[in-house]
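Below is one structure, written out as structure tokens; comments come after it.
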Amino acid sequence: MSDHESSGSQGVASLFSRGRLTAIPRKAARREQLLVHLAETLFERDREYSEREVNEALLTVHEDCSALRRYLVVAGLLDRPRDGSSYRRAG
């Protein structure tokens, strides 16, 4: 296992306490690790989600679901059409 891999998974785990995100990281690289983790663990590939479903999934880890949702879209991890009608895990 490389240093990069070990810091990634352990790094994300350290952001949680009892399954809840303690804070959204300010550092972009750290936040990116978190967002990739959330996209992979909360959202299935090839499935469309309503905004409500995305919010409900994100609320399981942190109360600021709108910030997390926005970060996921900006990072290109969740795709959303212009009308905002649905979300889909990118890739």
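The values are calculated or read from the model by the stated rules, or taken from the named source; none is laboratory data. Given the structure is predicted, the values throughout are model-derived calculations rather than measurements. Virtual Cβ from ideal backbone geometry, glycine too; neighbours counted across all protein chains shown. Note: accessible area is taken over every heavy atom of the protein model, side chains too, but ligands, DNA and RNA are not part of it. Shrake-Rupley method; radii C 1.70, N 1.55, O 1.52, S 1.80 Å.
Between ALA29, ALA13, ALA67, the Gaussian network model of the chain with springs among Cα atoms under 10 angstrom shows the greatest mean-square fluctuation at ALA29. Loop only by DSSP, 11 or fewer other Cβ within 10 Å of the Cβ. Give me the GluC sites (Glu not before Pro) in the stretch 38-91 that pass, ordered by residue number. Listed in order of number, the matching sites are GLU44, GLU63.
How far, in nm, would the chain grow between GLU63 and ALA29 when pulled straight, counting 0.36 nm per residue and subtracting the alpha carbon separation? Could the numbers behind the result be given before it?
Numbers: separation 34, 0.36 × 34 = 12.24 nm, distance 2.16 nm.
Gain on stretching GLU63 to ALA29: 10.1 nm.
At 222 nm, what value in deg cm²/dmol follows for the chain if DSSP H runs of at least 4 each add -39500 (n - 2.57) and the sum is divided by all its residues, to the nearest 500? Working shown, then result.
Numbers: 4 runs with 45 residues, N = 91.
Only helices count here, giving -15000 deg cm²/dmol.
Length available on full extension from GLU40 to ARG82: 0.36 nm per residue minus the Cα-Cα distance, which gives 12.8 nm. Heavy-atom accessible area for ARG20, with the other protein chains in place and a 1.4 Å probe, reaches approximately 90 Å². Spacing of the modelled spin labels on ARG47 and ARG18, each 7 Å from Cα toward Cβ, amounts to 2.7 nm. The calculated P(r) of the chain, using every Cα pair and 10 Å bins from 0, goes 16, 51, 28, 5, 0 in percent.
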